Amino acid sequence: MKTRLENLLSILFGAIFSVLVLIVTVETIARKLFNISLQGADELGGYALAIGSTLAFSLAVFGRNHIRVDVFHERYPKWLQGWMNWFAATSMAAFAIFLCYVTIDVLTDSVSYSSTAQTPWATPLIYPQSIWYAGLVIFACVTTVWAIRATFLLATGQLTELNEEFQPKSAKEEIKEELDDLAQRSNIDEITNKS
């Protein structure tokens, strides 16, 4: 389930920014060659950034990529690491739920005032904000499940599993990921060059 959701969010994230790249490219070429503007690339860029960032929040949870100050983390005893990892997971869930709670006012105001973007398109803001809010809800759901999992592991005394699943990435793990990614890209380049 985790892998399927992670893949779906990655595909959505990639699709959003691929479409944005295409629009910005067409806009740039049209301005340069024909002195014509599509009137809206900036607006779409703002929506893509807002929506894409909420998807990236969840992807960062899956990959344990959210920044944590972990200078001394590895030096602490395993029980203290477990408590710190549990606290980090539950704090992230509380923050995500808080974001969902406070942003309801944004949606409510947009509906109440029939707010539109101050751009040539005059897009009703409820549409992009609803998609943005859906991304925040996904983030809250992912972090809540993570917090429940961390709480279960802590309550049942499974500190080893808790630390493996929730500890910040070590420098060795990050280097291994980068080397694996480099090897994968090298293989793709070799296949492309042979074709």
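What the table below lists for this structure:
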| quantity | calculated |
| --- | --- |
| Nearest 10 degrees, 0 to 90: helix 171-194 Cα axis against the chain principal axis | 50 degrees |
| Expected 222 nm ellipticity per residue - DSSP helices of 4 or more, -39500 (n - 2.57), all of the chain, to 500 | -27500 deg cm²/dmol |
| Å² per residue, accessible surface of the chain at 1.4 Å | 67 Å² |
| Helix 2-34 vs. the chain, principal-axis angle (Cα, 0 to 90°, nearest 10) | 30 degrees |
| Whole-Å distance, taken between Cα centres, linking the range 49-98 and the range 1-28 | 24 Å |
| Amide proton proximity set for Thr116, modelled H, under 5 Å, gap of 5+ | Leu125 |
| Sequence-separation-based contact order of the range 44-155, relative, with Cα cut under 8 Å and 6+ spacing, percent | 43 percent |
| Nearest-ten-degree value, helix 41-62 long axis tilted from longest Cα axis of the chain | 10 degrees |
| Candidate lysines for bridging to Lys2, where Cα separation is under 19 Å - those fewer than 8 sequence places away on the same chain excluded | Lys169 |
| Kirkwood Rh (inverse of mean 1/r, distinct Cα pairs), the chain, angstrom | 19.8 Å |
| Charge context of Tyr127, other residues only, Cβ under 15 angstrom, K/R +1, D/E -1 | -2 |
| Among Phe34, Phe17, Phe57, residue whose mean-square fluctuation peaks in a GNM of the chain (springs only between Cα atoms under 10 Å) | Phe34 |
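The values are calculated or read from the model by the stated rules, or taken from the named source; none is laboratory data. Remember, it's a predicted structure, so these values are computed and weren't measured experimentally. All Cβ positions, glycine included, derive from the backbone under ideal geometry; neighbour counts span all protein chains shown. Note: areas computed on protein heavy atoms with side chains; ligands, DNA, RNA excluded. Shrake-Rupley method; radii C 1.70, N 1.55, O 1.52, S 1.80 Å.
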